[in-house]
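Engineer: What follows is a structure written as structure tokens; I'll ask about it next.
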Amino acid sequence: TVKILKDINCLSVSLGIEAGDEEQRRTTLNRRVSDEAIKSAFSQLHRANIRVSSYNIIGFPDDNRGKIFKTIRLNRECRPDFVNVFLCCPLPKTKIREYCLENGLLETEEIVDENKVSVIKVKNVSKPELYGLFRTFGFYVKLPDFFRPLIKRAEKMDLYGGLLCKVLKKVELLIKGC
């Protein structure tokens, strides 16, 4: 429990949100934990002054922009100190891999592409959109809403998108330092 962590002077904990959609967590990841339980865990750790990192996954076979933004919203509600996001990696002997194999959704038989890109053909999100959301995920979680138009533009994998990411990173650090 949190009390034990506090008693042993624990400084930080990492928690897996993984997906902000409860149905997706239950069916795709076999995780039967509610949004409220996740928010409660973060809240208890915050009250104990223990820093919390969130772990998130995007790029599930059935992902869409709305589901990814549910994950972003849940992160915003949990207020993690650090945000980690990963592309879905369909490991052998998991339901996700079996589903991908059965539905022809793997671009390679490798577990992870050598370029560390998604090996899943995500049905409702293009690769450029997925990579854009991947690189801006933390900004969506950490920065105030009025930055949304700039973050959305930073999703584009071009020169301006890259420059905006650098600027947004500096803004994030400035806000964090306040």
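Engineer: What does the charge count around residue 10 come to, taking other residues whose C-beta lies under 12 Å from its C-beta (Lys +1, Arg +1, Asp -1, Glu -1)? Show your work: numbers first, answer last.
Structural biologist: Working: positive: 3, 6, 51; negative: 7.
After counting each charged neighbour, the total is +2.
Engineer: Whenever you get a sec, compute what percent of the accessible area on the chain sits on carbon and sulfur atoms (1.4 Å probe). Don't jump to the answer; show the numbers that get you there.
Structural biologist: Working: 5790 of 10210 Å².
About 57 percent, which is the carbon plus sulfur part of the accessible surface.
Engineer: Would you mind counting up the charge near residue 32? Only other residues with Cβ under 10 Å from its Cβ, with Lys and Arg at +1 and Asp and Glu at -1.
Structural biologist: Working: positive: 25, 26, 31; negative: 22.
Taking every other residue near residue 32 into account, the sum is +2.
Engineer: Between residue 120 and residues 5 or more places away or on another chain, which pairs have amide H atoms under 5 Å apart, with H built 1.01 Å from N, and which residues are they?
Structural biologist: Under 5 Å from the amide H of residue 120: 107.
Engineer: List, in order, the whole-Hz ³J(HN,Hα) value for each residue of region 43-49 obtained from phi through the Karplus relation with A = 6.51, B = -1.76, C = 1.60 and θ = phi - 60°; use x for Gly and Pro.
Structural biologist: My calculation for region 43-49 gives 4, 4, 5, 4, 4, 8, 6 Hz in order.
Engineer: Right, here's the next one. So with the 1.4 Å probe, I'd like the accessible area per residue for the chain, rounded to whole Å². Walk me through the numbers before you get to the answer.
Structural biologist: Working: 10210 Å² over 178 residues.
Using a 1.4 Å probe on heavy atoms only, each residue of the chain averages 57 Å².
Engineer: To continue, here is another question. Which far-off residues, 5 or more places away or on another chain, put their amide H under 5 Å from the one on residue 85, with H placed in the peptide plane?
Structural biologist: Distant-sequence amide H within range of residue 85: 56.
Engineer: Please give the peptides 7-14, 147-154, 57-64, 73-80 ranked by average Cβ packing (other Cβ atoms within 10 Å per residue), highest first, as a rough proxy for protection.
Structural biologist: So the order, starting with the most tightly packed, is 57-64, 73-80, 147-154, 7-14.
Engineer: Tally the DSSP beta bridges in the chain and give the antiparallel ones as a percent, rounded to 5. Numbers along the way, then the final one.
Structural biologist: Working: 1 of 13 bridges.
The answer is about 10 percent antiparallel.
Engineer: With a sphere of radius 11 Å drawn around the Cβ of residue 77, what net charge do the other residues whose Cβ falls strictly inside it have (Lys, Arg +1; Asp, Glu -1)?
Structural biologist: On the way: positive: 39, 70, 73, 76, 79; negative: 35, 36.
That works out to +3.
Engineer: Sticking with this structure for a sec: Magnitude of the Cβ-charge dipole of region 40-167, K/R +1 and D/E -1, about the Cα centre, nearest 20 debye? It would help to have the intermediate numbers written out before the result.
Structural biologist: Working: 22 positive and 15 negative charges, 138 e Å.
That gives a dipole near 660 debye.
Engineer: What value, in deg cm²/dmol to 500, does the helix sum -39500 (n - 2.57) over DSSP H runs of n ≥ 4 give at 222 nm once divided by the residues of the chain?
Structural biologist: On the way: 8 runs with 91 residues, N = 178.
Using -39500 (n - 2.57) per qualifying helix, the result is -15500 deg cm²/dmol.
The values are calculated or read from the model by the stated rules, or taken from the named source; none is laboratory data. Here the structure is a predicted model, which is why all the values come from computation and not from measurement. Ideal geometry is used to build each Cβ from the backbone, glycine not excepted, and the neighbour counts take in all protein chains shown. The protein model used for the area step is the full one, side chains on, heavy atoms only, and it has no ligands, DNA or RNA in it. Shrake-Rupley method; radii C 1.70, N 1.55, O 1.52, S 1.80 Å.
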